[in-house]
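Below you'll find the structure, written out as structure tokens, and then a few comments.
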Amino acid sequence: MAQLILFTLLFLLAGALPMAPMAQEVQQSPLHIVVSVGDSVNITCSTSRPLKGLFLNLSWPRRTEVIYYEDKVNATVDQKFWGRISFMGSQNNLTITMSLLQVADSGIYTCFPVTYPGLSGPGTMVMVTEELCQETQEPYKHQEYRLMFPILPWALAGGCFFLGLGLGMSFALRTQVSGHPRHVAIFTPTQREESRAGGGKG
Amino acid sequence: WDRPACTEGVVSVSRGGRAVLACNSSNAFTHITVQLSAHGKTRTIFSEETPGSFLQGGWWLQVRGGQARLVIQSTQDAHQGLYLWHLQGLQRHNKETRLNIL
């Protein structure tokens, strides 16, 4: 559970970060993706540097190899991904498709071309969510989540802004009201006369 | 997975002493290239299909299965520098070890 929360926070942080392309010797895309159980993801690794082969490793929450690809040589696929991996392209620009994803496949996947000196890609955060909600057995609204994922940080910022605005206005109004008398006595002409008469008696 | 592990960091040996640099892999090596980088120059000492035993200018490379050893019987200044291992088994890996002479 804690891991899921941490993962979600990482995702939100990644979504809030600027998406300006950085000068990387190894390009990797996408940087983050949310998918449902059973879905596929395509991770592309590319570099213009000469390389002997390419690893895609799981870097977090544990470190392990996923695939090794080399042009004109049989690829190595980790047992956990047997039958779920396909390749397109060449080792300098390779798209790795990971299919039939499970929740346990969530993590950060990083490209490591075999170069000297060693290089690595920026990593792809893959979050695989359950297909059914355990309590209601209803499908999660993944599409909505996908839409909310980049919007949520902005929504939070907007919420904070309006909350601050509301508090500010409330304080300003209270200050304005406190400048006037709090209780105003209104005397009708009859009351005034009664008042005078009462005063005369005393 | 090959997951080769090589002698890490810096190996220091007395001049004229014996130096051994090693790499071990879970799978058999099929090709090994050893390069020496020193004084801004890199030269290839061995580039061999393995297994086998290979001799070259005071270096001796022995490879059997997933075990590779580079032996220098009498280490001289010319042997000092950064050794780059290009290892090929089921995958390819690059490793490095520095040899210093005391």
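The values are calculated or read from the model by the stated rules, or taken from the named source; none is laboratory data. If you're wondering where the values come from, they're calculated on a predicted model, not measured in any experiment. Cβ sites come from the backbone with ideal geometry, for glycine too, and all protein chains shown count toward neighbours. Each accessible area value is taken on the protein alone, full model and side chains, heavy atoms only, with ligands, DNA and RNA left out. Shrake-Rupley method; radii C 1.70, N 1.55, O 1.52, S 1.80 Å.
Quick notes on this structure:
- Diffusion coefficient, µm² s⁻¹, Stokes-Einstein with Kirkwood Rh over alpha-carbon pairs of region B:5-101 at 4 °C and 1.567 mPa s: 98
- Occluded residues from region B:58-102, i.e. those whose accessible area drops by 50 Å² or more once the chain is not alone (1.4 Å probe): B:Arg92, B:Asn94
- The simple spin-label model puts a point 7 Å past each Cα toward its Cβ; for B:Thr30 and B:Ser74 those points are separated by 3.9 nm.
- Farthest positive-ward along region B:5-101 dipole, Cα basis, beta-carbon charges - from B:Gly16, B:His31, B:Leu61: B:Gly16
- Largest GNM mean-square fluctuation across B:Leu21, B:Leu90, B:Leu61, computed for chain B with C-alpha springs under 10 Å, falls on B:Leu90.
- Gyration tensor verdict on region B:50-102 (Cα atoms; rounded if a/c is under 1.5, prolate if a/b is larger than b/c, oblate otherwise): oblate
- Here the label points at A:Asn93 and A:Lys72, each 7 Å from Cα along the C-beta direction, are separated by 2.0 nm in the simple model.
- Taking the protein heavy atoms of region B:5-101 in the context of the full set of protein chains, the accessible area attributed to carbon and sulfur is 46 percent at 1.4 Å.
- Rounded accessible area of A:Trp60 (nearest 10 Å², 1.4 Å probe): 70
- Each Lys and Arg adds +1 at its Cβ and each Asp and Glu adds -1 at its Cβ; summed about the Cα centre, region B:5-101 shows a dipole of about 100 debye.
- Full extension of the chain between A:Thr64 and A:Gln27 yields a length gain of 11.3 nm, computed as 0.36 nm times the residue separation minus the alpha carbon distance.
- Neighbour net charge for B:Ser74 - beta-carbon separation under 9 angstrom, K R +1, D E -1: +2
- Average Cα contact separation per residue, chain B, under 8 Å, 6 or more apart, as relative contact order %: 36
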